[in-house]
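Everything on this sheet refers to the single structure shown next.
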There are 2 protein chains.
Amino acid sequence: MKIAVLAPIAWRTPPLKYGPWEKVASMLTENLVKKGHDVTLFATGDSVTSAKLRWVCETPYEIDKSADPKVLECLHISFLMEKAAEFDIIHNHFDFLPLTYSRLIKTPMITTIHGFSSEKILPVYIKYNSTSAYISISNANRHPDLSYLETIYHGLEPSDFIFSNKKENYLLYFGRIHPDKGLHSAIEISEKSGLPLKIAGLIQDDNYFNSLFSKIDGQQIEYLGNLGREDSIKLLTSAKALLHPIYFEEPFGLSVLEAMMSGTPVIAFNKGSMPELIVNGKTGFLIGNVAEAVNSIDKLEKIEPEDCRRHAIQNFSIDKMTDSYIRAYKKVLNQ
Amino acid sequence: MKIAVLAPIAWRTPPLKYGPWEKVASMLTENLVKKGHDVTLFATGDSVTSAKLRWVCETPYEIDKSADPKVLECLHISFLMEKAAEFDIIHNHFDFLPLTYSRLIKTPMITTIHGFSSEKILPVYIKYNSTSAYISISNANRHPDLSYLETIYHGLEPSDFIFSNKKENYLLYFGRIHPDKGLHSAIEISEKSGLPLKIAGLIQDDNYFNSLFSKIDGQQIEYLGNLGREDSIKLLTSAKALLHPIYFEEPFGLSVLEAMMSGTPVIAFNKGSMPELIVNGKTGFLIGNVAEAVNSIDKLEKIEPEDCRRHAIQNFSIDKMTDSYIRAYKKVLNQ
């Protein structure tokens, strides 16, 4: 099957640090190649892939801020659309704009909806619901006004993570720093439980981070920056638990999966896709507020790190995800 | 000839007040219909036209700020692109985004480049230079990296303006309020010459307007707001001169033409398209700074209002513009 994967160009594919959409596009691309498919990745020019790489935008627009993202985006998308006839299927990871070209080409398009930045983008998804098959990344993220081909959960490569059942005495906050992600609550949980908190992630909201800065004393609460791959892996493996006190209906939550792959339980606010990812009481705790989170820390010893890892591998491996996508492509192509 | 005219959707077509791209798209559309062509106007739903009106965006996004302009823009553009086969030619007044669909359709596209918002949009125009014929709106606005079919000046309907050779004792600033347009210099010219200044236009830069607010005393310097059509016409007709002390390479300058159509001379900084619009010493003065502007006011009595009007009608009538576009369409269609 000749597959074109359209990645975003905000970050490199795979991203060096933050960039969840690019990360998923990369994982899938590499595994489709491994399984013998003929894959062309449309991404930034500095991307790294075993597929054929095609690009018009050399450097991610979040890195080189001198360019106009709107200009780069439409050039990136039209570059693929003009070559559509070379492919059996186009897999769009780029949100709504590519959909508006889909009726002008003959190649079928499948779109993974990585999340809705706002209800305002919905009219595009509604219009093109009959043109492109949609994949939801969790049942929670399905919009009632849209119809979907299937939910396909993100998957990770188990060997990319280090499993250990020996945990150190710290809680972990791992992800972008934004009110949605609830760093303020993670800090509160750390303070009330007495367990130190290590924080790693991209600062996406400067004002929010600054409002919490006085609490970051480098002892009880420590900020380690936006870490690269190797440091992240170690941090995930050794944590007593990942805190994930989210304040939005999170479509997926890759960090939750990364923690479980490392044998680390997750204490998450029970919102969005969390109940689809975490087995309450077995791979972590689905709780409702800070007090419940603090209580759940006492029960962490009942969680077996092996169960976390096993659950992640069985349900969220890259292998399973790739096979699901191949089945979805075949469904779209009536094969 | 079956012509699709693609207008922007920032404002209604024609705009009620500000909206120069929409204004030109409207003028052309109405006159193409008058000349017997089969025209479909793609614009906002509240637009007014004698052509067929097609729309997906009911209210201009500058009026209804609840929508996401990026979403409306791509839906508006793709709506036309998906109907491209119904037309002999598509006339794009919508800047660069429609170009990125142009290689996916068979109908030829002609694009009027109303100006470059930034050098950053140039890569799109460069890529599609071979796909869409480009029309420059002045020779001054031609970019050296692009090739053009032709320069076609904007035109106005002479009967839309009231000619008078009796002028009142005020200078006029007429246009959007932004540092590029030099309101601060217009105020200085008024103060130094002693002639009162009337100001009309959309406030596009609040900080800039606020910085000048203390000078607007309602006597020597008066701000009348963003006026509708009728009030604007009167103001243009009765002014002693239009001040146009611009600080950018203005691609055209509709207000300069509106003044001349009303028999009102224009005192403009000699930048951009100004020497293509104004005959120095005959329909106004091309000057270099505030002091020269003040000097030129003494020479205004040498300008004949009739010469201003005649020059405007001979060179910048809507009839001339429409015929030029029809010739350009035929050239594109090899007719």
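Structural remarks
- Which listed residue, of A:Leu254, A:Leu235, is open to solvent by 10 Å² or more (accessible area, probe 1.4 Å) and modelled with pLDDT under 95: A:Leu254
- Selected residue [aliphatic (A, V, I, L, M), in a helix (DSSP H, G or I) and more than 9 Å from chain A (Cβ to nearest Cβ)] from B:Ile110, B:Ile126, B:Ile121: B:Ile126
- Check on B:Ala268, touching a residue at least 24 places away in the same chain (Cβ under 8 Å), crowded, with 23+ Cβ neighbours inside 10 Å and assigned to a helix (DSSP H, G or I): no
- Among the residues of the range A:304-335, the one identified as open to solvent by less than 10 Å² (accessible area, probe 1.4 Å) and farther than 30 Å from A:Asp38 by Cα is A:Cys308.
- Residue match in the range B:179-187 (condition: more than 22 Å from the chain's Cα centre (by Cα) and within 20 Å of B:Tyr247 (Cα to Cα)): yes
One line per residue, one yes/no per condition, for (1) surrounded by 20 or more Cβ atoms within 10 Å (Cβ to Cβ); (2) closer than 18 Å to A:Ile246 by Cβ; (3) not assigned by TED's automatic domain parsing to the domain that holds A:Lys271:
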position	(1), (2), (3)
A:Glu191	no, no, no
A:Ile199	yes, yes, no
A:Leu202	no, yes, no
A:Phe209	no, yes, no
A:Gly218	no, no, no
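- In the range B:85-102, residue farthest from the other protein chains (Cβ to nearest Cβ) [restricted to those that are of a type in the set (A, V, I, L, M, F, W, C) and touching a helix residue (DSSP H, G or I) at 6+ places or on another chain (Cβ under 8 Å)]: B:Ile89
- Test: residue in the range B:43-55 that is crowded, with 17+ Cβ neighbours inside 10 Å, touching a residue at least 40 places away in the same chain (Cβ under 8 Å) and within 12 Å of another protein chain (Cβ to nearest Cβ): no
- For the range A:129-151, a residue qualifies if it is away from every other protein chain (no Cβ under 14 Å) and either crowded, with 20+ Cβ neighbours inside 10 Å or touching a Lys or Arg at 6+ places or on another chain (Cβ under 9 Å) (or both), and the qualifying residues are A:Ala133, A:Tyr134, A:Ile135, A:Ser136, A:Ile137, A:Ser138, A:Ala140, A:Asn141, A:Tyr148, A:Leu149, A:Glu150, A:Thr151.
- Tallying residues that are open to solvent by 20 Å² or more (accessible area, probe 1.4 Å) and touching a helix residue (DSSP H, G or I) at 6+ places or on another chain (Cβ under 9 Å) within the range B:56-74 yields 8.
- Taking the range B:4-51 as the range and being within 13 Å of B:Thr112 (Cβ to Cβ), touching an Asp or Glu at 6+ places or on another chain (Cβ under 8 Å) and not in a helix (DSSP H, G or I) as the test, the residues that pass are B:Ala7, B:Pro8.
The values are calculated or read from the model by the stated rules, or taken from the named source; none is laboratory data. These numbers come from a predicted model, not from an experiment. Positions of Cβ are generated from backbone atoms using ideal geometry, with glycine treated the same way; all protein chains shown enter the neighbour counts. Note: areas computed on protein heavy atoms with side chains; ligands, DNA, RNA excluded. Shrake-Rupley method; radii C 1.70, N 1.55, O 1.52, S 1.80 Å.
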